[in-house]
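Q: I have a structure I would like to understand better, so I am pasting it below and will then ask my questions one at a time.
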C-alpha cells in the first residue's frame, strides 16, 4: 500500500477530526457507495436484494466522484449488493482512480475469478465469512465456500490486504476459533460485528429472546483473543463498547448528550446517488442527492441516532470518539 495514499487519508481524516471537535462544518474523509442493490446471494439479514434495482449511469457516477473529491473525500468503498454484478464495474473503478481515491471494495468473491486480473486499482478488499462452510451457508445461502477461499488466497498472493467480515448471528466461540485459525493460515484479518436490526438495509427485527450473558461472553472472549494478538481487525475499543451495550435488541438510539461522526466524517451513498450520514440511517431520515446538492453545505449535522453497535459505523465513530487508540488499530490493519 502506497505511503502517499495513507498520508492523504490521514490528512483528510485529521481535518475531519478537527471539524468534528469544534462542531464545525461536515467534512467527510470517507464515503461508502452502493453501486448496485442487486446481489447473487440472499443473506438472511440483508435487505439490499429487495431494494430498488435502479443503477446510476457512468456519467452520474463520475459526477458523484467529482463532487466527493471537492468535499474532501479521499477514501471510497465500492459496495452493493454485489458490485461485480455490474458489467461496467471496472469502468467505475477507473472513474474512482481518476479522482485519486484510495479504493476499497466489499464483495462476496463469488465472481472474483472473472475479474481477478483486472482489479489492480483496488487497494483493499473486504469480503464475508460467517464461520465454517455450514454456518456461512446457513447465513448467506447456498454457494461455493471453496470458491471464496480460493479467491482469498489469490488476493493475498497478489500482496493485497483483505479483511473478512463475520456477522455474529450466533455468538458461538467455536465458530470464532475456526475463523481465527483460518485467518492465521490464510494471512488475513477477521472483523466481527453484531447483527443489527430495524432499518431499511437489513431484513429482520430482533428476536423475542436475547441471551445477553452469552453475547457478552462471546465479546469478552474476543477481547481476550485480541489482547493476545489474534488476527482480529476489530478494535479493542469497539469490542469493549459492545460488551458494555445495555440492550442487544436495540442497535442504535438517540442520546442528546452525544454527537455522531456519521455525516461529519464519513457518509453512505445509495445506488440512486442519495447520500446519508451512514447506511443505517437510510430509511430513517431524508437523504441528499449528490447529483444536484453538496453534502458539506446541505447536511445539518442532525442524525436520527447518536450511539450504535452497527458494524463499521461504530468503528468509524470511534475514530472521532477515541482517535488515538482507533488510529493505532487502523494502522495495524494496514
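What follows draws every value from the coordinates through simple rules; no lab data is involved. Keep in mind that what you see is a predicted model, and the values were worked out from it rather than measured. Virtual Cβ from ideal backbone geometry, glycine too; neighbours counted across all protein chains shown.
Q: What does the stretch 3-333 give for Rg and for Dmax, in Å, if only its C-alpha atoms count?
A: Answer for the stretch 3-333, Rg first and Dmax second: 18.6, 51 Å.
Q: Roughly how many nanometres apart are two label points built 7 Å out from the Cα toward the Cβ at residue 249 and residue 181?
A: Simple spin-label model gives 3.6 nm for this pair.
Q: Now for a separate question. When DSSP assigns beta bridges and you keep just the ones with both residues in the chain, what percent turn out antiparallel, to the nearest 5?
A: Around 20 percent antiparallel, to the nearest 5.
Q: How much FRET efficiency would the formula 1/(1 + (r/R0)^6) give for residue 69 and residue 113, where r is the Cβ-Cβ distance and R0 is 30 Å, rounded to 0.05?
A: The pair residue 69/residue 113 has a calculated efficiency of 0.40.
Q: Now for a different question. Would you calculate, for the chain, the mean residue ellipticity at 222 nm contributed by helices, counting each DSSP H stretch of 4 or more residues as -39,500 (n - 2.57) and dividing by all residues, to the nearest 500?
A: Rounded to the nearest 500, it is -12000 deg cm²/dmol.
Q: Tell me, what is the percent relative contact order of the stretch 3-333, built from C-alpha pairs under 8 Å that lie six or more residues apart?
A: 20
Q: What do you get for Rg/Rh over the stretch 41-93 if you use C-alpha atoms and the Kirkwood form of Rh?
A: Ratio of gyration radius to Kirkwood radius for the stretch 41-93: 1.01.
Q: Now a separate question. Counting DSSP beta bridges with both partners in the stretch 228-329, what percentage is antiparallel, nearest 5?
A: For the stretch 228-329, the DSSP antiparallel bridge percentage is about 75.
Q: Separation of the stretch 289-324 and the stretch 232-269 by C-alpha centroid, Å?
A: The stretch 289-324 and the stretch 232-269 have Cα centres separated by 11 Å.
Q: Mind jotting down the three principal axis lengths of the stretch 235-302 based on Cα atoms? Whole angstrom, largest first.
A: Reported extents, whole Å, longest axis first: 42, 24, 22.
Q: Now a separate question. Provide the gained length on full extension for the span residue 25 to residue 256, in nm with one decimal, where the gain is 0.36 nm per separating residue minus the Cα-Cα distance.
A: Stretched fully, the residue 25-residue 256 segment lengthens by 81.3 nm.
Q: Ok, one more. Once the Cα gyration tensor of the stretch 149-194 is diagonalised, what are the square roots of 5 times its eigenvalues, in whole Å and ordered largest first, as equivalent ellipsoid semi-axes?
A: 21, 11, 7
Q: Would you please calculate the Kirkwood hydrodynamic radius of the stretch 1-60 over all C-alpha pairs and express it in Å, rounded to one decimal?
A: Result for the stretch 1-60 stands at 14.9 Å.
Q: Here is a further query. Output the Cα-based Rg and Dmax of the stretch 126-241 in Å, rounding Rg to one decimal and Dmax to a whole number.
A: Considering the stretch 126-241 through its Cα atoms, Rg and Dmax are 14.5, 45 Å.
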